[in-house]
Every structure is written in structure tokens, then in C-alpha cells.
There are 2 protein chains.
Amino acid sequence: MKSEKISDAVVRRLPVYLRFLNQLTMQEVLTVSSQELGQKLDLNPAQIRKDLAYFGDFGRKGIGYDVSYLIEKIRYILNLDQQINVALIGAGNLGQALSNYNAYLKDNMKIVAVFDTYEGKIGTSINNIVVQPIDQLTDTIVKNNVKIGIITVPGSEAQRVADELISAGIRAILNFAPVILKTPPDIRVHNADFTTDLLSLAYYLQDKDDKDVASHES
Amino acid sequence: MKSEKISDAVVRRLPVYLRFLNQLTMQEVLTVSSQELGQKLDLNPAQIRKDLAYFGDFGRKGIGYDVSYLIEKIRYILNLDQQINVALIGAGNLGQALSNYNAYLKDNMKIVAVFDTYEGKIGTSINNIVVQPIDQLTDTIVKNNVKIGIITVPGSEAQRVADELISAGIRAILNFAPVILKTPPDIRVHNADFTTDLLSLAYYLQDKDDKDVASHES
DNA sequence: TAGATTGTTAATCGATTAACAATC
DNA sequence: TAGATTGTTAATCGATTAACAATC
């Protein structure tokens with residue numbers, strides 16, 4: 001084990017490992033090798049071993065990794081051994097879809113508050129959580145020790161919401177709005193806007209041999 | 001301009017550029033430099049110039065990039081100068097949220113078909129599209145020349161749906177299900193599962209100096 | 001002309017993969 | 001023991017950034 005700084009690429013693979021290991025548990029598989037993991041997850045086995053070795057010697061030579069032990073370790077690394085409170089800002093379609101997803105729950109992530117500006121939404125319940133007006137955001141976040149905010153408001157409001165979240169003490173943001181947020185360096189932001197993902201897929205629909213971009217004339 | 005193979009990282013930035021350029025158009029900005037772009041999008045200006053230069057000489061030395069010209073070029077590169085038909089499989093909460101997002105529309109992406117297995121859903125309308133039973137998938141996809149599939153079914157069904165989409169002739173998949181799909185190499189898959197994104201955020205909530213993962217005992 | 005900014009090469013940085021000794 | 005598989009080093013690959021001549 002080394003004490004290098006762990007790269008984002010490594011951290012983002014940990015939940016993928018965790019997810020698959022949980023599946024293995026359900027199938028009552030006790031042990032797994034980096035080779036098997038690599039095959040199922042479409043990753044290089046050496047990469048998987050290296051990723052895990054950043055955090056400790058979790059495997060056994062000649063055997064592989066004990067599934068439940070590795071789950072426990074990854075959960076610990078990701079801070080999922082404690083409950084992590086999440087706030088959702090924006091109770092529109094997408095926000096509702098996300099709050100109904102209680103897949104987080106089993107991983108100790110819990111949406112504990114939902115906010116919206118629209119009067120018609122405020123006071124209604126989404127997945128047993130009452131939608132609050134946005135001016136209660138700071139209060140609620142502080143009181144409930146919320147650490148992560150999920151932004152599902154329109155792009156035009158996203159920066160303002162992010163600023164409020166940050167001044168309320170939030171540490172990380174999952175941003176679904178189609179804008180690049182300006183945030184201090186100690187705040188972690190992951191962009192989850194799927195429109196850019198979808199548009200980039202379009203690039204691969206055509207054999208570019210047929211197409212000469214440079215000489216495309218207006 | 002070169003004829004190297006363009007990396008995925010470059011392609012994924014193109015929609016980000018496009019999105020911001022569209023904003024500039026609305027503000028009636030005519031010209032933009034890589035420096036300005038870099039500042040707003042939190043990217044290195046040299047990277048932006050290099051990205052664009054893969055596809056042609058779009059800028060003017062001493063001036064910068066003509067906003068509307070660059071928009072046109074990027075749209076052409078991404079194949080967004082023609083309508084691209086999309087199918088959505090899974091009319092649950094998330095599927096509904098995505099189909100209501102008609103932000104694609106202005107970029108020539110259109111959801112033309114929605115499928116589900118649940119009888120209660122079939123025949124109902126989502127955003128003016130009638131939900132079809134999944135056994136009509138192949139037929140509809142072929143008839144409507146659908147090129148991209150968005151998978152919003154449960155993980156347990158995702159692989160089966162992907163297989164059907166592929167045999168129906170689809171070229172690219174945006175996968176929201178929490179599984180790694182097995183697909184032929186000529187099929188482009190982007191994973192959009194936000195649970196892994198969210199879980200990875202948890203890693204950054206704690207100063208790891210306080211925490212010694214290696215010596216964490218079970 | 002002077003200032004600004006591109007396109008591109010070279011340098012750097014970082015991430016992935018191969019290879020293998022250690023060892024279960 | 002023989003076979004399997006880890007942890008880790010070294011090699012490779014690829015992506016980002018710096019620097020600058022060209023030029024508007």
C-alpha cells in the first residue's frame with residue numbers, strides 16, 4: 001500500500017466494483033479473482049489489482065479476493081459505513097425519478113430533504129419526504145448534517161443553488177443541470193448531465209470515412 | 001487538420017462546447033476565443049484549440065472563433081445536421097423524466113418510440129408518444145430508422161434489452177441500468193448510471209489523513 | 001504596426017497494461 | 001509440489017499543457 005494521491009478515475013471505479021461484488025454475494029460466491037472481475041466489468045485485471053492495492057492488501061495470492069471482506073473494505077473507503085445524508089434540489093420529473101430510486105439506501109445514502117421553488121410543489125410529498133421551499137435550504141442542511149446535494153433545477157438556477165448549498169456547508173454536488181458550475185476547489189462536483197452524453201453518441205453513428213469535415217462548406 | 005483517430009475524451013467535450021456556444025448566440029456574442037471558452041468551461045485553452053483543430057481550421061488568428069460558424073461545424077461533426085431518432089426502453093420514473101426533456105429536440109435528437117413490458121403502461125401516452133409493448137421493439141426500430149437506444153429498465157433486464165436493440169440495428173446505447181453491458185465492438189455504449197457517480201462522491205467527504213484504510217480492521 | 005490569438009509541435013503528465021517475483 | 005493469483009515495478013500508451021511561429 002502506498003500513500004499516493006488517489007486519482008478520480010480510480011475512485012469512480014470503486015462503486016462499480018462494489019455493485020458487482022454485491023451481486024456476487026447474492027449468488028453466494030465467496031471468492032473472486034481480478035481476472036473474473038475484469039471479464040465481467042470489462043476492465044483490465046491488472047488495473048483492478050492496482051486500484052485495490054492503493055488502499056491495502058485485500059487479496060490472497062493464489063486465491064483471489066474474499067467477496068464479503070472486499071465489500072466491507074470498499075464501503076469503508078467510500079465512507080459508506082456511516083449514513084450519508086443527501087439533499088435534492090428540484091422536484092421536477094428528474095428529481096422525482098431520482099428520489100424514488102432508493103437504491104442508495106442500501107448503500108447508506110439517504111435523501112433526507114427535497115426543495116423546490118414552485119408553490120404547487122411545496123408541501124406535497126415525494127417518496128415520503130415533504131417538499132420544502134428553497135429558503136429553508138440552509139437551515140435544513142445544517143440541521144440534518146447534509147453532505148451531498150443533487151441539483152436537478154433548470155440550468156438558469158443551478159449556479160445560484162450551488163452557491164447556497166456550498167455556503168450551507170455541503171461538500172459535494174451531483175449536478176444534472178446543463179451548465180458548468182463555478183465552485184471552490186475543496187467542493188467536489190460530478191456532472192451528470194445526460195444530454196451531453198447523448199449528443200456525443202451521435203458522433204459514432206456515421207463512418208467518418210464517408211465524411212470530410214474539413215471541406216464541409218457552409 | 002489531421003486524420004488521426006479522435007479520442008472519446010475529445011468527442012465528449014464537443015457537446016459541452018456546443019451547449020455554451022448556443023448560450024453565446026442567445027447573448028448575441030459573435031466571436032469567442034479559446035481563452036474565454038476555457039475560462040467558462042473550466043478547460044485549458046490549448047486543449048480546446050487542439051480539440052477543434054482535429055476537425056478543421058475553424059478559428060482566425062488574432063480574432064478567435066466565429067460563434068455561429070463553430071456551432072454549425074460542431075453540429076455537422078456530431079451528425080446533428082440531420083434528425084436522429086431515439087428509442088426509450090423503460091417507461092418508469094426515469095424514462096418519463098427523460099422523455100419529457102425535449103431539450104434534445106433543438107439538437108435534432110428525437111425520442112420517437114417508448115417501450116415497456118408492464119401492461120398498465122402500454123397504450124398510455126408519455127409526452128405524446130404511445131407506450132408500446134416490448135415485442136414491437138424490432139419492428140418499430142427498423143421502420144422508424146432508430147439509431148440510438150436509451151435503456152431505463154431494471155438492471156436485470158438491461159442486457160436482454162440491449163441484445164434486442166442491437167439485433168434490431170441500433171448503433172449506440174445510453175445505458176442508465178446499473179450493469180455493464182456486453183456488446184459487440186462496433187456498438188457504442190455510454191453508461192449513465194448515476195448511482196456510481198453519487199457513491200463515488202462519498203469518497204471525497206472525509207479527509208483521508210484522518211483515516212487509515214490499510215489498518216482498518218474487521 | 002502592435003496586440004491578440006490561432007494551430008501545432010514538443011514537453012509533460014498521468015493512466016493503463018505487461019510482466020513477474022512472491023506466495024497461497 | 002504444481003497451479004493460480006496477487007501486489008508491484010517497469011514499459012507503454014494516451015491525454016493534457018506549454019510554448020511559439022504564423023498571421024489576423
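Name the residue, out of B:Leu94, B:Leu80, that is away from DNA strand C (no atom under 16 Å from the Cβ) and within 17 Å of B:Leu18 (Cα to Cα). On inspection, the qualifying residue turns out to be B:Leu80. Within the range B:46-67, being surrounded by fewer than 15 Cβ atoms within 10 Å (Cβ to Cβ) and more than 20 Å from A:Thr196 (Cβ to Cβ) holds for B:Ala46, B:Ala53, B:Asp57, B:Arg60, B:Lys61, B:Gly62, B:Ile63. Among residues that are more than 10 Å from DNA strand D (Cβ to nearest atom) and closer than 19 Å to A:Ile180 by Cα, B:Leu30 is not included.
Just to be sure, is B:Ile74 within 11 Å of chain A (Cβ to nearest Cβ), of a type in the set (Val, Ile, Thr) and crowded, with 16+ Cβ neighbours inside 10 Å?
yes
On the basis of being free of Cβ contacts under 8 Å to residues at least 40 places away in the same chain, among the hydrophobic types (A, V, I, L, M, F, W, C) and within 14 Å of DNA strand D (Cβ to nearest atom), does A:Leu21 make the cut? Spelling it out, it is not the case that A:Leu21 is free of Cβ contacts under 8 Å to residues at least 40 places away in the same chain, among the hydrophobic types (A, V, I, L, M, F, W, C) and within 14 Å of DNA strand D (Cβ to nearest atom). Among the residues of the range B:44-79, those identified as within 13 Å of DNA strand D (Cβ to nearest atom), under 23 Å from the mean Cα position of the chain (by Cα) and among the charged types (D, E, K, R) are B:Arg49, B:Lys50, B:Asp51. The residues of the range B:113-130 that are more than 14 Å from chain A (Cβ to nearest Cβ) and surrounded by fewer than 21 Cβ atoms within 10 Å (Cβ to Cβ), listed by number, are B:Thr117, B:Tyr118, B:Glu119, B:Gly120, B:Lys121, B:Ile122, B:Gly123, B:Thr124, B:Ser125, B:Asn128, B:Ile129, B:Val130.
If you go through the range A:15-54 and keep only what is within 12 Å of DNA strand C (Cβ to nearest atom), at the interface with chain B (Cβ under 10 Å from one of its Cβ atoms) and not aliphatic (A, V, I, L, M), you end up with A:Asp42, A:Tyr54. Within the range B:167-191, the only residue that satisfies the criterion of being under 13 Å from B:Ile148 (Cβ atoms), buried (at least 21 other Cβ atoms within 10 Å of the Cβ) and among the small types (Gly, Ala, Ser) is B:Ala172.
Any read-out appearing in this document is the output of simple, stated calculations on the displayed coordinates, not a laboratory observation. Treat the numbers as computed from the prediction; the structure is a model and nothing was measured. FYI the Cβ positions are ideal-geometry reconstructions off the backbone, even for glycines, and counts take in every protein chain you see.
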